[in-house]
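The block underneath contains the structure these notes are about, expressed in structure tokens.
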Amino acid sequence: MQIQLNGEPYSLTQATTLAELVERLGLAGKRLAIELNLEIVPRSQHAETPLNDGDRVEIVHAIGGG
């Protein structure tokens, strides 16, 4: 399965959820915002949101400041 991850092609060998992708990328536990096909997905839905061939995923690190 092929998706776009932050504008770059990314291959997945098996069905995966957003939460599994975050884990695979070593980003678990970090403050992130994830957009799937131009829609923000709340963190509470990452584990139940499957990825499909051709999906566009944008992952943004939240940075605090003021």
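The values are calculated or read from the model by the stated rules, or taken from the named source; none is laboratory data. Please read these numbers as outputs of a predicted model, since none were measured by experiment. When we count neighbours, we look across all protein chains shown, and the Cβ atoms used for this are built from the backbone with ideal geometry, even at glycine. SASA here: full protein model, heavy atoms, side chains in, ligands and nucleic acids out. Shrake-Rupley method; radii C 1.70, N 1.55, O 1.52, S 1.80 Å.
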>> List pairs: first residue in segment 43-65 and within 15 Å of A19 (Cα to Cα) and of a type in the set (S, T, N, Q), second residue open to solvent by less than 50 Å² (accessible area, probe 1.4 Å) and outside any helix (DSSP H, G or I) anywhere in the structure, Cβ distance under 7 angstrom, at least six positions apart or on different chains.
In response: T49/T17; T49/L36; T49/V41
> Across segment 1-13, what is the number of residues that are under 19 Å from H61 (Cβ atoms) and either part of a loop (DSSP other than H, G, I, E, B) or of a type in the set (S, T, N, Q) (or both)?
Replying inline: 3
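Matching residues to (1) modelled with pLDDT under 95; (2) open to solvent by less than 60 Å² (accessible area, probe 1.4 Å); (3) touching a helix residue (DSSP H, G or I) at 6+ places or on another chain (Cβ under 7 Å); (4) in a strand (DSSP E or B):
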{"position": "A15", "(1), (2), (3), (4)": "yes, no, no, no"}
{"position": "E20", "(1), (2), (3), (4)": "no, no, no, no"}
{"position": "G26", "(1), (2), (3), (4)": "no, yes, no, no"}
{"position": "I34", "(1), (2), (3), (4)": "no, yes, yes, yes"}
{"position": "S44", "(1), (2), (3), (4)": "no, no, no, no"}
{"position": "A47", "(1), (2), (3), (4)": "no, no, yes, no"}
{"position": "G54", "(1), (2), (3), (4)": "no, yes, no, no"}
{"position": "G65", "(1), (2), (3), (4)": "yes, no, no, no"}
